[in-house]
Amino acid sequence: MRPLRFEDWPAVHEWARRPEVCVYQAWGPNTLDETREFARVAAQAWDERPQQRFPYAIVRDGRTVGNVELFLRSEGVGEIGYLVHPEFWGRGVATSAARELLTLGFTEHGLHRIFATCDPRNVASAAVLRRLGMRHEGRMRETHLIRDGWRDSDRYAMLAPEWRGAVDVPRPSSASRPDRDAAAGS
C-alpha cells in the first residue's frame, strides 16, 4: 500500500468504469472525468489539515490493482472501505489491504472503533469483513439510493481491544477460504 496519487487515475478507472465493481455502490460506472476527479480529491486529502481521509493504492507487482481508505469519522471512530480490480478478486487482496488499514487505525491513529458497511447482497465483501474479525452489528435500512432502488447497509465493526486480541492469531489462507474481494463501503 502507498498513498493514492492523482497519477493513479488511469489504473483506478480500470475498475471504476466496470459495472460489476460498482453494482452495490451509489456511484459509477465512472466516466473518465469522474475518475480523474476522484483521484484529484483523494490525492489532495494527503495535504489537508487536519487530515480526515487516508486513501491508499493497493499495489501488486508494480501495478495499482485497488484502493482502500480510512476515514476518521469522529473522536476515536474510523471507517474503512475498499475496491479491487475484478482481475484480483478471490486472491485476498482486499482482506490484506483492509487488515493494514485496521492496523493503521488502531496503532497510528489510536482509534477505539473501526466500522465498515456493505450492501447485504455483497456476500464477498461481507466475507472479507468477517475474515478481518469484524462483527456484524446489524442492518441499516435504505441508506443509499442506487440504480436498482434504495440499498440497505450491513454494518460491521471492530473495537481496539478485539483487534489487540486478534493480532497474534494466525489468519486463514486465502486459498482455504476464497472470496471474490468485491467492493465494500458506503
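Read-outs throughout are calculated quantities, based only on the coordinates presented, and are distinct from any laboratory measurement. Please read all numbers here as calculations on a predicted model, not as lab measurements. So basically every Cβ, Gly included, is an ideal-geometry build from the backbone, and we count neighbours across all protein chains shown.
Do the sum for the chain: with -39,500 (n - 2.57) for every DSSP H run of n ≥ 4, divided by all residues, what is the mean residue ellipticity at 222 nm, to the nearest 500 deg cm²/dmol?
The helix contribution divided over the chain gives -8000 deg cm²/dmol.
For the chain, return all DSSP H helices satisfying: extent of Cα atoms along own axis at least 15 Å; mean Kyte-Doolittle hydropathy at least -1.0.
Helices meeting the span and hydropathy rule in the chain are 32-44, 93-103.
How are the alpha carbon pair distances in region 2-166 distributed across 5 Å bins from zero to the largest one, expressed in percent?
So the P(r) values, bin by bin, are 2, 9, 17, 21, 22, 18, 9, 2, 0.
Among 91-102, 146-157, how do they line up by average Cβ neighbours within 10 Å per residue, starting with the highest?
Taking the mean over residues of other Cβ atoms within 10 Å, the ranking is 91-102, 146-157.
Which chymotrypsin sites (Phe, Trp or Tyr not before Pro) in region 1-78 sit in a loop by DSSP (not H, G, I, E or B) and have at most 16 other Cβ atoms within 10 Å of their own Cβ?
Of the chymotrypsin sites (Phe, Trp or Tyr not before Pro), the ones in loops of region 1-78 whose Cβ has at most 16 other Cβ atoms within 10 Å are 27.
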